Each structure stands twice: as structure tokens, then as C-alpha cells.
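Trainee: Below is a structure I'd like to ask you about.
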Amino acid sequence: MFTGLVEAVGELIERKPTSGGFRLRIAAPIAPELSRGDSVAVNGVCLTVILADSNEFQADIGPETVRVSTLGALEPRSRLNLERPLRADSRLGGHFVQGHVDAIGHVEELRPDADFHWLTVSFPSLLAPYIVHKGSIAVDGISLTVAGLGTDRFDVQVVPYTMSHTNLGALQIRDRVNLECDMVGKYVVRAAELAGLTIHGLRPGEVAH
């Protein structure tokens, strides 16, 4: 379990093909504190450390992770958001993030607003019931608050600290990002489905602010 508060930014050194997946070599300032078997969130994807030393760690990704996330298509030197799991005695500063990507979104717009930035991300229709105005969503593992919501995209406002301490500053229009919806919302939607209720979204063209 993670919180969506990025602990460090690493860099992809190598993406080496394996049988059905890839092995990632990641340069990371938190590498000396990692051990074989530890979990670490990489751009919002929970991975298992298979090797770590003073400068880098390695982790494998399988076919399913390649299919549902951006990790299988990353190029060397890509900036990666890193977070170690939440400790039981720690404060919860973001929201509960499992490290299980729901879908891939696309950056549609990134525009400055004084010292802040607005980020617009489009998402596939299957996520619509799980994203709510003023709710939480993880974008590449970053806990953000939905400030504007349409039928196929949402807006978040990014504070200067987050912009400078994550990979968001390197994003370009149409870049792909990993999305994970708030797990509380997933349970609510599932319970409603089992109760025979129909989930209605916004009408086409509507945006909530």
C-alpha cells in the first residue's frame, strides 16, 4: 500500500527484454535503502526489487504489467516517480494507492497558472464511474485531486513542489501516464452493481468544476 506522495525521482538506465516482459534497471537515490524482495512503486506500479546496490535497483515486469501500464514502453533516461510502501506507523498524507494501474491516460494539456500548473488528462470510458469531482486519483503514482471533470478527461492543479519533485515537469502533450482510481470508489461502484443500481455519468459535453 502506498500514499501517492513521491519519495524520490529515479532514472531508467536500461529496459532489457525477458521472456514475456522486461527487466528494468533504475538509478535511484533510495536504492541503498532497498533490499531484495522489497516493494516499490515505479510511476504508480507496484514492483518487486530483485537486486539493489548503492546506486540502482532492478525489477521485472510481466506481460500484464506491460499491457496495462506505460513501463514496457519507457525509454532510457525516462524520469520515474518512486515511493516505498506506507509504514503502519506513518501519517497518511495522500490517499490509499495500491500500485495497481487501472488504465493509461494521455496528457492533453499542461498550462501554467502563476506559480502553479493545470494538467488535463484524458481517460478511457471504463474509468468514468470511478472518477469524481474533488476526489483523488493517482497519475504516474502521484496523489492528485480532481478539480475539473468531463466525460473523457479531468483537470488537476499541480502545486510548485509537486511539479519540481516528480516527473510531471518532463511531461509533453500526448505522453502516456498510468492512472489508478481511488479504491474506495471502486468498492462503492461494485456494491452498487451487485445491488442492481445503474451508475450514471455526466451528459456529453458537461464538465463539473
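The values are calculated or read from the model by the stated rules, or taken from the named source; none is laboratory data. These numbers were taken from a predicted model, which means no experiment stands behind them. Every residue, glycine among them, receives a Cβ derived from its backbone with ideal geometry; neighbour counts consider all protein chains shown.
Trainee: Among all residue pairs at least 6 apart or on different chains, which show Cβ distances below 7 Å where the first residue, located in segment 134-146, is within 15 Å of residue 177 (Cα to Cα) and the second is charged (D, E, K, R)?
Mentor: If the second residue must be charged (D, E, K, R), the pairs left are 137/182; 138/180; 141/83.
Trainee: What tally of residues in segment 57-93 results from selecting those that are surrounded by fewer than 20 Cβ atoms within 10 Å (Cβ to Cβ), of a type in the set (Asp, Glu) and in a strand (DSSP E or B)?
Mentor: Within segment 57-93, residues that are surrounded by fewer than 20 Cβ atoms within 10 Å (Cβ to Cβ), of a type in the set (Asp, Glu) and in a strand (DSSP E or B) number 1.
Trainee: Only one of 69, 125, 78 is modelled with pLDDT of 95 or more, among the polar types (S, T, N, Q) and under 24 Å from residue 189 (Cα atoms). Can you tell me which?
Mentor: Result: 69 is the single residue among 69, 125, 78 that is modelled with pLDDT of 95 or more, among the polar types (S, T, N, Q) and under 24 Å from residue 189 (Cα atoms).
Trainee: Here is a further query. Name the pairs whose Cβ atoms lie under 8 Å apart, with the first residue in segment 162-173 and at pLDDT below 95, the second part of a helix (DSSP H, G or I), and 6 or more positions between them or separate chains?
Mentor: 169/163
Trainee: Out of segment 1-55, which residues are over 22 Å from the mean Cα position of the chain (by Cα) and buried (at least 17 other Cβ atoms within 10 Å of the Cβ)?
Mentor: 52
Trainee: Just to be sure, is residue 126 under 18 Å from the mean Cα position of the chain (by Cα) and under 20 Å from residue 4 (Cβ atoms)?
Mentor: When the stated conditions are applied, residue 126 does not pass them.
Trainee: Would you confirm, using the coordinates I've provided, whether residue 123 is closer than 16 Å to residue 178 by Cβ, free of Cβ contacts under 8 Å to residues at least 40 places away in the same chain and surrounded by 13 or more Cβ atoms within 10 Å (Cβ to Cβ)?
Mentor: Here the answer is no, as residue 123 does not meet what is asked.
Rundown of residues vs (1) surrounded by fewer than 20 Cβ atoms within 10 Å (Cβ to Cβ); (2) touching a Cys at 6+ places or on another chain (Cβ under 8 Å); (3) of a type outside the set (D, E, K, R); (4) at pLDDT below 95, yes/no style:
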residue: 110; (1), (2), (3), (4): yes, no, yes, no
residue: 152; (1), (2), (3), (4): yes, no, no, no
residue: 159; (1), (2), (3), (4): yes, no, yes, no
residue: 178; (1), (2), (3), (4): no, no, yes, no
residue: 181; (1), (2), (3), (4): no, no, yes, no
residue: 193; (1), (2), (3), (4): yes, no, no, yes
residue: 196; (1), (2), (3), (4): yes, no, yes, yes
residue: 209; (1), (2), (3), (4): yes, no, yes, yes
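Trainee: Any idea which of (1) free of Cβ contacts under 8 Å to residues at least 60 places away in the same chain; (2) within 21 Å of residue 70 (Cβ to Cβ) is the one residue 109 doesn't satisfy?
Mentor: Residue 109 satisfies all of (1) free of Cβ contacts under 8 Å to residues at least 60 places away in the same chain; (2) within 21 Å of residue 70 (Cβ to Cβ) except (1).
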